[in-house]
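Take a look at the structure set out below.
We did not get these values from a lab; they are worked out from the coordinates using the rules stated. This structure is a prediction, so every number in the text was calculated from the model and none was measured. Using ideal geometry, Cβ is built from the backbone for each residue, glycine included, and neighbour counts are taken over all protein chains shown.
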Amino acid sequence: MSIDPIEPIELKPPRTYEEQLNIFRCRGLVIDDEVKALETLKRINYYRLTAYMLTFKKDNVFLPGTTFEKVYRHYEFDSKLRILLTEVIEHVEIAFRAHLSYEIAHKYGALGYRNPDNFRNSDYHAEFLKKLDTSLEDSKDHFVLHHHVHYNKQFPVWVAFEVLTFSNLSMLFRNLLLVDQKHITRTYYRNLDYGQISNWLHGLTIVRNRCAHYSRLFNTAMPVGIGFRVIDRNKDIRSNELFAIIFNTKYLITNRTVWSNWVTRLEALIGEYPEVEAGYLGFTEDWYALLTT
């Protein structure tokens, strides 16, 4: 059976910075400072910037009064929010790296992470090991090279897990035996459920990847639903919004000073950009109280 060749679709021609600005203007965008707008387009790709304009358009026409500066301020807010989120996620990631390596080392031995019998799904475990071994082979970190040379490429869990990505850590936690998931939860996160933690870790890896690749957070839904503790299910928090994962992160930061300081900085960031409607990120009117209670 032959397949007809796909007819090529003619792509749009490249536009100069001036032409890009004129496209915005023709669609109703107010440009008060053309020089500044052109400088912005030289630093930020036209296509990247247009993603932040979707909120302010209807039928591909800008809502009345929408300015280039307002769009750029939303872009700037998003950039600073990514930096802030990366910092708090770092605390969660490093803590779970320590929890997992300690649990496996003391229950199954230094190389216990390589035994599929210590995990639920052998296929997931094989995939995990493949990714881990690739990371260890490619790593140029001194502690990895040291074990290459002096320990015949044998990496105890407390060394090996230092090269894991957050996504792989999340995947590993989901694949732990139930008894080990429960033990870690009871030991470090009292009153939480291991299934909720697994869900929140998954959500955080998505946010972490978006931050790492400078992807838009503003007015974008989470691709997974975020679960809540029973006591929180009556709160008006949408499960597919960024705020849902921010809200539950407070349970994963066991150092109250770290969390309190971070929420204060988040409040300052939102206050710095009053034109940004935080509701598009899932924030409620009482968001500060929700994060600090």
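A search for C-beta distances below 8 Å between a residue of the range 207-219 that is at positive phi and any residue that is charged (D, E, K, R), counting only pairs 6+ apart in sequence or on different chains, returns Y214/R82. On the stretch given as the range 57-105, residues that are in a helix (DSSP H, G or I), free of Cβ contacts under 8 Å to residues at least 24 places away in the same chain and acidic (D, E) total 1.
Given the condition surrounded by 12 or more Cβ atoms within 10 Å (Cβ to Cβ) and closer than 16 Å to L204 by Cβ, answer yes or no: does some residue in the range 265-278 qualify? Checked the range 265-278: at least one residue is surrounded by 12 or more Cβ atoms within 10 Å (Cβ to Cβ) and closer than 16 Å to L204 by Cβ. Pairs meeting the criteria (first residue in the range 8-23 and free of Cβ contacts under 8 Å to residues at least 40 places away in the same chain, second residue loosely packed, with under 11 Cβ neighbours inside 10 Å, beta carbons under 7 Å, at least 6 apart or on different chains) are Y17/K42. It is to be established whether one or more residues within the range 143-164 are under 22 Å from L177 (Cβ atoms), without any contact (Cβ under 8 Å) to a residue 12 or more places away in the chain and surrounded by 15 or more Cβ atoms within 10 Å (Cβ to Cβ). No; the residues of the range 143-164 include none that is under 22 Å from L177 (Cβ atoms), without any contact (Cβ under 8 Å) to a residue 12 or more places away in the chain and surrounded by 15 or more Cβ atoms within 10 Å (Cβ to Cβ). Just checking, how many residues over the range 223-249 are crowded, with 18+ Cβ neighbours inside 10 Å and touching a residue at least 40 places away in the same chain (Cβ under 8 Å)? Number satisfying all stated conditions: 10.
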